[in-house]
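Student: A single structure is presented below for examination.
The values are calculated or read from the model by the stated rules, or taken from the named source; none is laboratory data. Everything quoted here is computed from the prediction, not taken from an experiment. Cβ: placed from backbone, ideal geometry, glycine included. Neighbour counts: every protein chain shown. Ligands, DNA and RNA are stripped out before the accessible areas are found, and what is left, the full protein with its side chains, is counted by its heavy atoms. Shrake-Rupley method; radii C 1.70, N 1.55, O 1.52, S 1.80 Å.
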Amino acid sequence: MKISKKDALMWFEFFAQLPEDEELPVFQQEIAYAVLAQIEDAVDARNEQLMAQIPGLKVLGGRTRYVGNDDRFPCGCRSCLLGTGLSAIRKTNKCNIQCRFCYNYGELDQIPPIGEGMWEIGGTKFRERDIDLLLSTYEKPTGISYVYLEPFMEIEKYYGIIRKFHEAGVHQHMYTNGLLCTEEQLKALGEAGLDELRFNLGASNCADKVIENIRLARKYIPQVGIETPMTPEYYESFQQKKEQILSTGLDFMNCAELHLNQNNIGNYEGEPMYCCRHGYISPIWSREITFQFMKQAVEENWPIAIHDCSNHTKFARDLNLRAKEGGWFGASSYGCEFDRIPFEFFLPTLADEEFQFLEEEELPEGYRPGDMMFY
C-alpha cells in the first residue's frame, strides 16, 4: 500500500488523538505500517544519495559502513558485528551529568543499583571471584563492554575485573563522558588491560577538559576514540574544535544514530522522525550528520576511522548475536522502544512540504475513512 502523504498525515493525526490504551483494529494497523514504510523508504533513498557522495566508503562484512584507516576501526565494533556480539557488563547506576539524548533522561536518580560488590553480566549477578567459574563454564566471548552509567564515578572498582578478563584474552571496551578522568586512573586502566576507551564527547559539548583526557588516554590505552549520538549541537561544537580534537591522536569516531525512547523523545518534539524496521525511532537528521562527517573526513584526510553506527548497524548487530547464540533463522532482539507507535511524533515529518514520498497511490477500497466503519 503506497499511501499518499496527504492521507498519511490525515490518519496519523487521527491516531495521535486516540487513547494510549486503545488498540488499532487490523485495517488501521496496516495503514499505520504503510505510513512508516513510506517514510522509511524516502529516508533510505535520501541516505543512498548521501552515501554516493562519500569517496572511499567501505563496508565491514556487509553489516556496517566506515571510512578511513582500516587499522583504526574499533576492535570492539568488530567483535560486536562479526564476533560473538556485545556482552555488556553493568556496575555503576549513577552519572555525573544529564544529557538530553540519554536513554535514562529524567530518571537518573531512580536507576536501581546492581548491588554492593556485584556485577551484572548476561542478566546474572556475579562477584569478581566468580569470573573464573563463568569463563570455565561458557565459551569465552570475543569482547565485552562496560556500560551503565558513568564508570568513573567509582572507577577503582573496575581494575580487578578488567585484569581478570584481560588475562583470559577477552577484548574489553568502556564508555565514559570523560569529565571525571584523571591521568592516574587512565594509566591504571591501561595497566589492568583495558583495550579500548570510548568518550561520549557530545555529552560535555566538546569540553576542553575531555579533549585533553582523550589525549592522556591515548598514552596508556591501545585504542581510544569517540562515540557520540549525532546531533546538530555536537556537529557545531566539533567543527569549532576540530583541529584540537584530531590532534589528540584518537583512533576512531563512532557516529551513533540517535534513537529515542519514552524518556528522551520529548526533548526532540517537533523534529522530523522515522522508524527503522518497526524498531528504533530516530530524528531523520541524525544519520545525515554522520554522512557529513564521513565526507568531510575523506576530503580533509583525517587520520582516523569514521564509523556509521546506524540503526541498520544495530539491526545487523542483533542478528549476528542471535546467530552466534544458535538462535532460530531470523531471530533478533531488535525492536521498538515503545509499547505503542508514538504517532504524534511523526506529524512534523508528514507536515513537512519538502519531505516527499517516493511513490503514492490512492487508498484501496476498504481502507478509506468512510469504509473503516464497516470493520
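Student: Put +1 on the Cβ of every Lys and Arg and -1 on every Asp and Glu Cβ in the chain; which of ALA256, TYR158, MET174 then has its Cα farthest towards the positive end of the dipole?
Tutor: TYR158
Student: Pick out, from SER87, GLY68, GLN38, the residue whose Cα sits farthest towards the positive end of the charge dipole of the stretch 1-140, with +1 on the Cβ of Lys and Arg and -1 on the Cβ of Asp and Glu.
Tutor: The residue sitting most towards the positive pole is GLY68.
Student: Which order do the peptides 191-200, 239-248 come out in when sorted by mean C-beta neighbours inside 10 angstrom, highest first?
Tutor: Highest mean packing first, the order is 191-200, 239-248.
Student: Shifting gears a bit: Please report, as a whole percent, how much of the solvent-accessible surface of the stretch 1-93 comes from carbon and sulfur atoms (probe radius 1.4 Å).
Tutor: After summing per-atom areas, the C and S share lands at 48 percent.
Student: Can you give the helix-only mean residue ellipticity at 222 nm for the chain, where every DSSP H stretch with n ≥ 4 adds -39500 (n - 2.57) and the sum goes over all residues, rounded to the nearest 500 deg cm²/dmol?
Tutor: Mean residue ellipticity, 222 nm, calculated: -11000 deg cm²/dmol.
Student: Note the angle between two axes, namely the Cα long axis of helix 284-299 and the longest principal axis of the Cα atoms of the chain, as a number of degrees from 0 to 90, rounded to the nearest 10.
Tutor: 50 degrees
Student: If the viscosity is 1.002 mPa s and the temperature 20 °C, what translational diffusion coefficient in µm²/s does Stokes-Einstein give for the stretch 1-59 when Rh comes from Kirkwood over Cα pairs?
Tutor: Here the translational diffusion coefficient equals 158 µm²/s.
Student: Ignoring ligands, DNA and RNA, please state the percent of accessible area on the stretch 267-368 from carbon and sulfur, probe 1.4 Å.
Tutor: Carbon plus sulfur share of accessible area: 46 percent.
Student: Any idea what the dipole of the stretch 145-237 comes to, in debye rounded to 20, about its Cα centre with Lys/Arg Cβ at +1 and Asp/Glu Cβ at -1?
Tutor: Result for the stretch 145-237 is approximately 240 debye, rounded to the nearest 20.
Student: What area, in nm² and to one decimal, does the C-alpha convex hull of the stretch 1-132 cast on average over all directions?
Tutor: Convex hull of Cα atoms, orientation-averaged projection: 14.4 nm².
Student: Same structure again: I'd like the orientation of helix 311-324 relative to the chain: the angle between its Cα long axis and the longest Cα principal axis, in ° from 0 to 90, rounded to 10.
Tutor: 70 degrees
Student: In whole Hz, what ³J(HN,Hα) sequence does the stretch 195-207 give by Karplus (6.51, -1.76, 1.60; θ = phi - 60°), x for Gly and Pro?
Tutor: 8, 7, 10, 10, 9, 7, 5, x, 5, 9, 6, 6, 5
Student: Sticking with this one: Once phi is turned into θ = phi - 60°, what whole-Hz ³J(HN,Hα) does the Karplus curve with 6.51, -1.76 and 1.60 give for every residue of the stretch 35-47, x standing for Gly and Pro?
Tutor: Whole-Hz 3J(HN,Hα) from phi for the stretch 35-47: 5, 4, 5, 4, 5, 5, 4, 5, 5, 4, 5, 5, 5.
Student: While we're here: Tell me which residues come under 5 Å, amide H to amide H, from PHE355 once H is placed; ignore anything under 5 positions away on its chain.
Tutor: Amide H neighbours of PHE355, under 5 Å, 5+ apart: none.
Student: Work out the length of the dipole vector of the chain about its Cα centre, built from +1 on the beta-carbon of each Lys and Arg and -1 on the beta-carbon of each Asp and Glu, and round it to the nearest 20 debye.
Tutor: Numbers: 37 positive and 58 negative charges, 366 e Å.
Approximately 1760 debye in magnitude.
Student: Shifting gears a bit: Cα centroids of the stretch 284-337 and the stretch 1-63: how far apart, whole angstrom?
Tutor: A separation of 19 Å, based on Cα centres.
Student: Using the 4.7 Å Cβ rule, please list in number order the cysteines from the chain without any candidate partner.
Tutor: If one checks each Cβ against the other cysteines of the chain, CYS75, CYS77, CYS80, CYS95, CYS181, CYS206, CYS255, CYS275, CYS276, CYS309, CYS336 turn up with nothing under 4.7 Å.
Student: Quick one, which of [x] 0.97; [y] 0.99; [z] 1.04 is the actual Rg/Rh (Cα atoms, Kirkwood Rh) calculated for this model?
Tutor: The value computed from this structure is option [y].
Student: Evaluate the charge dipole of the stretch 259-372 about its Cα centre and quote only its size in Debye, nearest 20, assuming +1 on the Cβ of each Lys and Arg and -1 on the Cβ of each Asp and Glu.
Tutor: Dipole magnitude for the stretch 259-372 comes out near 860 debye.
Student: Pairs of alpha-carbon atoms within less than 8 angstrom and 6+ residues apart define the contacts here; what relative contact order does the stretch 47-178 have, in percent?
Tutor: Rounded, it is 27 percent for the stretch 47-178.
Student: Please list 310-322, 59-71, 147-159, 11-23 highest first by mean number of surrounding beta-carbon atoms within 10 Å per residue.
Tutor: 310-322, 147-159, 59-71, 11-23
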